[in-house]
Amino acid sequence: MEMGEGRPGVAATLRALNEALGRPAALWVKESGARNLRHRDFLAPRAALSAAFPGGQVPPEAVSAVSSLRGPAVLPLRVCRQTPAGLAVQVRRPEAFRRLLGPLPGPAPTAAGARTGCVVLHCPALRSPGALRPRHLRSVLLADHLAQLLRAQGVDVRLVPALSEERRWDVLRQLRICWPSGGSSLTEAVSALKAALGRCSCAAGVICKVHLKSFVEQQGLLGYDPNLDVLLVTEGTLQSLAELQEAVLQCPAKGQSSCCSIVHVVNCEEEFQQQQLDVLWRILDPGAHTALQKHLVCGPVKVTNPSSPIGADQYFQLRKRQMYEASVIKYGELAQDEAWTEVIDTLTVAAIRFEMLSTAHRSQITLDLENNSISTKGTKSGAFVMYNCARLATLFNTFQRAVEQGTYPPLPPASELNFSCLREEGEWLLLFNYLLPFPEVLQQAAQLPPPSKGIRITANTETVCKFLIQLSMDFSSYYNRVHVLGEPFPHLFDQMFARLQLLEAVRDVFHSALATLHLPPLSQI
């Protein structure tokens with residue numbers, strides 16, 4: 001039975017498994033825990049089978065159909081059997097390694113389910129008149145990460161507002177946030193909005209008061225704060241709207257405004273003001289794009305016992321000093337070398353990005369600034385992820401030097417490798433839980449689902465950080481247990497080369513995931 005095309009994937013395999021049982025319900029789940037993966041890779045649980053089949057008994061022909069599944073997008077299956085837990089399937093693992101680590105047939109495939117269209121990401125925190133605070137930083141970092149994820153899926157992204165040239169944005173540069181600056185004159189756009197205000201039945205005068213509540217009630221709009229009432233429109237308000245309109249006009253899908261969605265990435269303290277701007281824009285420009293506005297709201301950022309309100313720049317400098325001190329404790333005088341300056345800068349950026357982004361955006365973040373909560377050892381930290389990425393770089397540098405010295409032969413082409421040598425439990429964990437689902441992880445993280453009701457949306461912006469933390473933990477466990485570069489005996493080369501090919505793919509996943517966080521891989525640590 002041929003199903004699907006392209007690279008084997010989790011979604012395609014689950015879809016094929018469900019179709020093989022001939023039931024519309026999604027019965028199968030992918031296993032991920034090491035204990036269950038010793039016995040099975042996919043399971044149709046007993047409870048689900050009981051609901052789908054009389055007495056929970058799957059017809060023999062359906063079991064046979066599962067075992068005979070084939071197709072480029074479907075993992076190769078070895079056996080399907082009834083167990084006390086349900087219907088269990090195991091993958092033919094050597095073939096799975098070969099298909100995921102070996103050369104791809106034909107030209108490199110484009111990203112599965114590649115998306116098009118345009119998204120405008122609007123971050124009002126960058127218009128804050130005072131100093132940036134950690135709460136502002138959270139929404140800016142989230143918008144920056146989301147922009148990278150969307151671009152990786154082929155979506156055109158516009159970031160608003162452009163950074164004003166009168167202010168210093170050192171902390172954004174230090175955190176490697178890529179945000180546009182300057183921008184074209186918006187005089188004509190502002191004038192057009194003023195004219196629209198003059199024609200608006202909800203307004204009285206120019207620049208004027210606009211009755212938002214009556215418009216919300218007339219249009220039957222859901223999800224807005226009931227306290228929205230009268231908005232005093234200022235020149236700055238119109239400037240903000242003009243910049244949003246300009247970003248929409250720059251989207252490639254001009255004339256197809258339904259392809260352009262606007263996402264306001266706001267912290268919870270800015271949400272009310274952004275709803276005011278949202279409604280005003282709907283009033284003045286009742287086009288399809290203004291009806292597609294969504295609000296992605298970040299939870300509060302609580303700072304424990306600050307002696308005074310802390311700015312984003314102070315937060316960065318504090319974390320940098322703590323990272324330096326932690327590095328000196330771990331690496332001694334090495335960490336005081338000038339060459340380590342860039343390493344510590346990168347570790348600081350990683351620590352802050354993971355601190356801000358590894359929690360679901362709706363939830364509160366608590367920043368403990370009094371104690372040295374930055375560590376090079378903690379498995380939940382950005383520094384831990386960077387450390388394991390650097391271990392991979394060290395491994396391949398060591399191998400390359402050994403090849404140059406004649407200790408090992410060069411790594412052969414993937415088509416010549418013997419993947420049946422990969423029998424260690426940790427090797428299958430790395431392939432099945434990380435290399436296999438990684439493209440789908442990136443797709444999931446970039447999803448901007450429509451609001452279920454109202455204007456708020458929920459995105460999986462914590463997905464990549466959590467994925468990298470878990471990958472680092474499983475890689476670290478494997479690397480501490482397995483000696484990859486063994487003795488230079490020819491009878492050991494097959495296993496060593498297969499392991500290097502696997503870890504080369506793991507390294508590529510690290511690099512691709514870190515790129516969505518604007519984090520360069522480290523070659524030393």
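Screening the candidates 111, 131 for the property of being within 18 Å of the chain's Cα centre (by Cα), surrounded by fewer than 17 Cβ atoms within 10 Å (Cβ to Cβ) and modelled with pLDDT under 95 yields one hit, 111.
Residues are listed down the side, and each one gets a yes or a no for (1) modelled with pLDDT of 90 or more; (2) outside any strand (DSSP E or B):
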{"residue": "273", "(1), (2)": "yes, yes"}
{"residue": "277", "(1), (2)": "yes, yes"}
{"residue": "280", "(1), (2)": "yes, yes"}
{"residue": "286", "(1), (2)": "no, yes"}
{"residue": "294", "(1), (2)": "yes, no"}
{"residue": "306", "(1), (2)": "no, yes"}
{"residue": "309", "(1), (2)": "no, yes"}
{"residue": "317", "(1), (2)": "yes, yes"}
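Return yes when residue 335 is assigned to a helix (DSSP H, G or I), open to solvent by less than 20 Å² (accessible area, probe 1.4 Å) and modelled with pLDDT under 90 and no when it is not. Against the criterion (assigned to a helix (DSSP H, G or I), open to solvent by less than 20 Å² (accessible area, probe 1.4 Å) and modelled with pLDDT under 90), residue 335 qualifies.
Give the residues of segment 392-438 that are aliphatic (A, V, I, L, M) and either part of a loop (DSSP other than H, G, I, E, B) or surrounded by 19 or more Cβ atoms within 10 Å (Cβ to Cβ) (or both), sorted by residue number.
Within segment 392-438, 392, 411, 417, 422, 429, 430, 431, 435, 436 meet the criteria.
Here residue 388 meets the list (1) open to solvent by 10 Å² or more (accessible area, probe 1.4 Å); (2) assigned to a helix (DSSP H, G or I) almost entirely, failing just condition (1). For segment 27-70, a residue qualifies if it is assigned to a loop (DSSP other than H, G, I, E, B) and within 28 Å of residue 425 (Cα to Cα), and the qualifying residues are 27, 28, 31, 32, 33, 38, 39, 40, 41, 68, 69. The C-beta contact set for segment 47-69 (first residue within 14 Å of residue 83 (Cβ to Cβ), second residue assigned to a loop (DSSP other than H, G, I, E, B), distance under 6 angstrom, 6+ apart or interchain) comprises 48/27.
Looking across segment 267-314, the residues that are touching a His at 6+ places or on another chain (Cβ under 8 Å) and not hydrophobic (A, V, I, L, M, F, W, C) come down to 267, 271, 274, 275, 278, 293, 294, 295, 299. In segment 478-505, the residue that is least open to solvent (accessible area, probe 1.4 Å) out of those that are free of Cβ contacts under 8 Å to residues at least 12 places away in the same chain and part of a loop (DSSP other than H, G, I, E, B) is 486.
Take the conditions (1) outside any strand (DSSP E or B); (2) at pLDDT 90 or above; (3) open to solvent by 30 Å² or more (accessible area, probe 1.4 Å); residue 302 misses just one of them, which is (1).
For segment 158-170, the set of residues classified as outside any loop (DSSP other than H, G, I, E, B) and closer than 19 Å to residue 240 by Cβ consists of 158, 159, 160, 163, listed by residue number. With respect to (1) in contact with a Pro (Cβ under 9 Å, 6 or more places away or on another chain); (2) closer than 16 Å to residue 29 by Cβ; (3) open to solvent by 30 Å² or more (accessible area, probe 1.4 Å), the lone exception for residue 50 is condition (1).
Any residue at all in segment 357-370 that's at pLDDT 95 or above, in a helix (DSSP H, G or I) and buried (at least 17 other Cβ atoms within 10 Å of the Cβ)? Yes, there is a match, as at least one residue in segment 357-370 is at pLDDT 95 or above, in a helix (DSSP H, G or I) and buried (at least 17 other Cβ atoms within 10 Å of the Cβ).
In the set (1) of a type in the set (A, V, I, L, M); (2) within 18 Å of residue 392 (Cβ to Cβ); (3) in contact with a strand residue (DSSP E or B) (Cβ under 6 Å, 6 or more places away or on another chain), residue 430 fails one condition alone, (3). Listed by first and then second residue, the pairs linking a residue in segment 8-25 that is over 19 Å from residue 64 (Cβ atoms) and modelled with pLDDT of 90 or more to a residue that is part of a helix (DSSP H, G or I) and open to solvent by 20 Å² or more (accessible area, probe 1.4 Å), with Cβ atoms under 8 Å apart and 6 or more places separating them unless they lie on different chains, are 8/99; 8/100; 9/439; 9/440; 10/440; 11/440.
When you look at residue 322, is it among the polar types (S, T, N, Q), part of a helix (DSSP H, G or I) and in contact (Cβ under 8 Å) with a residue 40 or more places away in the chain, yes or no? It is true that residue 322 is among the polar types (S, T, N, Q), part of a helix (DSSP H, G or I) and in contact (Cβ under 8 Å) with a residue 40 or more places away in the chain.
The values are calculated or read from the model by the stated rules, or taken from the named source; none is laboratory data. Please read these numbers as outputs of a predicted model, since none were measured by experiment. Using ideal geometry, Cβ is built from the backbone for each residue, glycine included, and neighbour counts are taken over all protein chains shown. Heavy atoms of the whole protein, side chains included, go into the accessibility calculation; ligands, DNA and RNA do not. Shrake-Rupley method; radii C 1.70, N 1.55, O 1.52, S 1.80 Å.
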